[in-house]
1. Residue check: is Arg139 of a type in the set (D, E, K, R), farther than 23 Å from Asp40 by Cα and at pLDDT 95 or above?
2. Which condition from (1) of a type in the set (S, T, N, Q); (2) in contact with a strand residue (DSSP E or B) (Cβ under 6 Å, 6 or more places away or on another chain); (3) assigned to a loop (DSSP other than H, G, I, E, B) is the one that Ser42 breaks?
3. Among (1) of a type in the set (S, T, N, Q); (2) under 18 Å from Val155 (Cα atoms); (3) in a helix (DSSP H, G or I), where does Gln24 come up short?
4. Among residues belonging to segment 135-148 that are touching a residue at least 60 places away in the same chain (Cβ under 8 Å) and not hydrophobic (A, V, I, L, M, F, W, C), point out the one that is surrounded by the fewest Cβ atoms within 10 Å (Cβ to Cβ).
5. Against the definition (hydrophobic (A, V, I, L, M, F, W, C), under 16 Å from Ile16 (Cα atoms) and either exposed (fewer than 14 other Cβ atoms within 10 Å of the Cβ) or modelled with pLDDT under 95 (or both)), how does Val99 come out, yes or no?
6. Test of understanding: among Gly31, Gly43, Gly88, which residue is within 24 Å of Leu128 (Cα to Cα) and modelled with pLDDT under 95?
7. Within segment 112-119, identify whether any single residue is under 13 Å from the mean Cα position of the chain (by Cα), under 25 Å from Val68 (Cα atoms) and in contact (Cβ under 8 Å) with a residue 12 or more places away in the chain, and answer yes or no.
8. Within segment 58-75, track down each residue that is within 16 Å of Gly43 (Cβ to Cβ), within 14 Å of the chain's Cα centre (by Cα) and outside any strand (DSSP E or B).
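The values are calculated or read from the model by the stated rules, or taken from the named source; none is laboratory data. Just so we're clear, the structure is a prediction, and the values are computed from it rather than from any experiment. So basically every Cβ, Gly included, is an ideal-geometry build from the backbone, and we count neighbours across all protein chains shown.
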Amino acid sequence: MRHEHEAEIEVRAGVITVSTSRYQKYGGARGLEKLEEIDDPSGNEIARNLECKVEEYILVPDERAEIVKALVSMLPKVDAVIITGGTGLTPLDVTIEAVEPLFEKKIDGFGEIFRYLSFKEVGTAAILSRATAGIIKGRAVFCLPGSKKAVRLAVNLINDSLKHIISHARGLR
């Protein structure tokens, strides 16, 4: 259900891909033109299918400090940040540990619905997902798995709710 005031909301977004292997191959890619040049299926999936203007892109390694640095630098420029990668259970997966402490409000329903929809597609493997979302300084931040299929599912969910989330984050309810 869309609310009237949401039609007036313009949303600018940024994408952060967390991938040590891509970082080692391409370096610290920054900017949408770089996203088009490198092999980043999930980052490109977000940029192509998110129903708002994607203005920023940063590629970082699986390192907490680098993830936080990229996120903090991007937040003042956009209304929403979508982070893909680093959400698994291996010791190298640290996106959630880097981002969650920054949340002022957590959007629990995002992760819950994402896992429910994932369960319908992949069965009990969905319990491995730590996808999450929250609000930082009035901006929506989404942490997604790195697989293109999971990103496609999450982007559909984000598209359905992003303006509503932003309206609440801005206090426009």
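1. Details: of a type in the set (D, E, K, R): yes; farther than 23 Å from Asp40 by Cα: yes; at pLDDT 95 or above: yes.
The answer is yes for Arg139.
2. The number of the failed condition is (3).
3. With respect to (1) of a type in the set (S, T, N, Q); (2) under 18 Å from Val155 (Cα atoms); (3) in a helix (DSSP H, G or I), Gln24 is out only on (2).
4. Ranking the qualifying residues of segment 135-148, first place goes to Lys137.
5. The answer is no for Val99.
6. Details: Gly31 fails: within 24 Å of Leu128 (Cα to Cα); Gly43 fails: modelled with pLDDT under 95.
Gly88 is the lone residue from the list that is within 24 Å of Leu128 (Cα to Cα) and modelled with pLDDT under 95.
7. yes
8. Ile67, Ala70, Leu71, Met74
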